[in-house]
Amino acid sequence: MSLASYIGCNIELLIHDDDYSDNSFYIGRCFAGESELQNIKEYQLTTFYVYEVSSHWGIAIAENMNHETRVESKLKLLELCKRMDSFLEKGDYFELYSCWIGEETDKREGEITLQINNFDIDKIEIPEKTLVRFEK
């Protein structure tokens with residue numbers, strides 16, 4: 001199984017599935033198909049547009065994770081916030097949700113709201129099945 005991360009926002013992002021920033025992070029498809037994107041939109045996110053954040057592994061930050069994977073997730077999250085900050089206007093937001101492929105309809109285990117440019121990456125935990133709303 002694969003851990004996938006999804007973002008939702010109320011603006012359409014001009015992205016291409018093959019538009020890489022580097023080999024480990026881009027906004028576009030990797031693991032998810034149409035049914036997973038539809039399920040995440042219906043069951044987890046509150047926004048109109050939904051995208052997979054492809055990094056060949058999802059974004060999750062939890063104390064019990066492998067240290068290297070946790071560090072990589074922190075870097076991916078910071079890059080995602082940087083990119084989304086360039087797309088969003090003041091008052092907008094985006095959502096992030098990570099789960100194992102096939103678990104998009106499972107019950108959500110938590111919710112967090114953060115300011116897109118005002119959180120301490122070393123003091124947050126974002127385990128899988130947690131909806132994170134990043135406000136600008």
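With the condition kept exactly as written, say whether any residue in region 23-31 is farther than 22 Å from ASP122 by Cβ, at pLDDT below 90 and part of a strand (DSSP E or B).
Within region 23-31 (the criterion being farther than 22 Å from ASP122 by Cβ, at pLDDT below 90 and part of a strand (DSSP E or B)), the answer is yes, since at least one residue qualifies.
So how many residues does region 78-110 have that are more than 19 Å from PHE48 (Cβ to Cβ) and assigned to a strand (DSSP E or B)?
Going through region 78-110 one residue at a time, the tally reaches 4.
In region 98-107, is there at least one residue being polar (S, T, N, Q), surrounded by fewer than 19 Cβ atoms within 10 Å (Cβ to Cβ) and within 23 Å of ILE11 (Cα to Cα)? Outline the logic, then answer.
Taking region 98-107 as the starting set, the residues that turn out to be polar (S, T, N, Q) are 98, 105.
Still in the running and surrounded by fewer than 19 Cβ atoms within 10 Å (Cβ to Cβ): 105.
Adding the requirement that they be within 23 Å of ILE11 (Cα to Cα) leaves none.
No: region 98-107 contains no residue that is polar (S, T, N, Q), surrounded by fewer than 19 Cβ atoms within 10 Å (Cβ to Cβ) and within 23 Å of ILE11 (Cα to Cα).
Output yes when any residue across region 32-43 is of a type in the set (Ser, Thr, Tyr) and surrounded by 13 or more Cβ atoms within 10 Å (Cβ to Cβ), and no when none is.
Let us first name the residues in region 32-43 that are of a type in the set (Ser, Thr, Tyr), namely 35, 43.
So of that shortlist, the ones also surrounded by 13 or more Cβ atoms within 10 Å (Cβ to Cβ) come out as 43.
Scanning region 32-43, I find at least one residue that is of a type in the set (Ser, Thr, Tyr) and surrounded by 13 or more Cβ atoms within 10 Å (Cβ to Cβ), so the answer is yes.
So, of the residues in region 72-90 that are of a type in the set (A, V, I, L, M, F, W, C) and under 14 Å from the mean Cα position of the chain (by Cα), which turns out to be nearest to LEU14 (Cα to Cα)? Steps first, answer last, please.
Initially, region 72-90 is screened for residues of a type in the set (A, V, I, L, M, F, W, C), giving 75, 77-78, 80-81, 84, 87-88.
From what is left, the residues that are under 14 Å from the mean Cα position of the chain (by Cα) are 75, 77-78, 80-81, 84.
Values: LEU75: 22, LEU77: 19, LEU78: 20, LEU80: 15, CYS81: 16, MET84: 12 Å.
Once the filter is applied, the top-ranked residue is MET84.
The values are calculated or read from the model by the stated rules, or taken from the named source; none is laboratory data. Worth saying up front: this structure is predicted, and the values here are computed from it rather than measured. FYI the Cβ positions are ideal-geometry reconstructions off the backbone, even for glycines, and counts take in every protein chain you see.
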